[in-house]
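**Student:** Here it is: the structure, laid out below.
The values are calculated or read from the model by the stated rules, or taken from the named source; none is laboratory data. Everything numeric in this text was worked out from a predicted model, so none of it was measured. Neighbour counts run over all protein chains shown; Cβ positions are idealised from the backbone, glycine included.
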């Protein structure tokens, strides 16, 4: 399906579009894969939970003008997600990303997360954007540092040390 949105973002290799009902099979596959989603807040999801989250994610775009993007190669292959979402713990709007295991190591997460961060600051007007990564999730921490986010704090969750990263408009990016 070809969709044109005001909220779509393109990069050299990627096409990011707000999630829609047509993305559900890909989201179920991504969110159900422990190699892709075990470290995400809430962990691996089944089809019912993925569908419920999708309904909420679609509403976020109408409410806030930002939310979750389906990330696809320019030719249309689903690769993963990136998002700007309000954290349930009240820490703020957070950058999130998850990619299928078979496309990791190609710099796609950095490309998509960087584009989402720039969108958040420059299009959605978000002054501060955070991201959370487990202390032992070196790949995610490398992405966050690589796109200009800086370490801003720590907290414990379920026995794991979590690092808080932040980007402040005008200080870290755009």
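**Student:** The conditions are (1) assigned to a helix (DSSP H, G or I); (2) farther than 23 Å from residue 164 by Cα; (3) modelled with pLDDT of 95 or more, and residue 72 fails exactly one of them. Which is it?
**Tutor:** Of (1) assigned to a helix (DSSP H, G or I); (2) farther than 23 Å from residue 164 by Cα; (3) modelled with pLDDT of 95 or more, only one is false for residue 72: (1).
**Student:** Being farther than 24 Å from residue 152 by Cα and out of contact with any strand residue (DSSP E or B) (no Cβ under 9 Å at 6 or more places or on another chain) narrows it down to one residue among 76, 65, 90, 80; which is it? Even if it seems obvious, please write down each step before you answer.
**Tutor:** On the way: 76 fails: out of contact with any strand residue (DSSP E or B) (no Cβ under 9 Å at 6 or more places or on another chain); 90 fails: farther than 24 Å from residue 152 by Cα; 80 fails: out of contact with any strand residue (DSSP E or B) (no Cβ under 9 Å at 6 or more places or on another chain).
Just a single option satisfies the conditions, and that option is 65.
**Student:** Now for a different question. Tally the residues that are over 10 Å from residue 79 (Cβ atoms), without any contact (Cβ under 8 Å) to a residue 12 or more places away in the chain and part of a helix (DSSP H, G or I), restricting the search to the range 93-123.
**Tutor:** Adding up the residues that qualify gives 0.
**Student:** Could you list, in sequence order, the residues of the range 32-54 that are assigned to a helix (DSSP H, G or I), over 23 Å from residue 129 (Cα atoms) and without any contact (Cβ under 8 Å) to a residue 40 or more places away in the chain?
**Tutor:** Residues satisfying the conditions are 34, 47, 48, 49, 50, 51, 52.
**Student:** Taking the range 84-107 as the region of interest, how many residues are in contact with a helix residue (DSSP H, G or I) (Cβ under 7 Å, 6 or more places away or on another chain), closer than 18 Å to residue 29 by Cβ and either surrounded by 14 or more Cβ atoms within 10 Å (Cβ to Cβ) or modelled with pLDDT of 95 or more (or both)?
**Tutor:** The qualifying residues number 4.
**Student:** I'd like to know if the range 124-132 contains one or more residues that are in contact (Cβ under 8 Å) with a residue 60 or more places away in the chain, under 15 Å from the mean Cα position of the chain (by Cα), assigned to a strand (DSSP E or B) and over 25 Å from residue 73 (Cα atoms).
**Tutor:** yes
**Student:** Only one of 66, 165 is assigned to a strand (DSSP E or B) and in contact with a helix residue (DSSP H, G or I) (Cβ under 8 Å, 6 or more places away or on another chain); which? Can you show your working first?
**Tutor:** Values: 66 fails: assigned to a strand (DSSP E or B).
165 is the lone residue from the list that is assigned to a strand (DSSP E or B) and in contact with a helix residue (DSSP H, G or I) (Cβ under 8 Å, 6 or more places away or on another chain).
**Student:** When both residues are 6+ apart or on different chains and their Cβ atoms are under 6 Å apart, which pairs have a first residue that lies in the range 145-165 and is in contact (Cβ under 8 Å) with a residue 24 or more places away in the chain and at positive phi, and a second that is surrounded by 13 or more Cβ atoms within 10 Å (Cβ to Cβ) and in a strand (DSSP E or B)?
**Tutor:** As it stands, the answer is 148/173, since those pairs meet every condition given.
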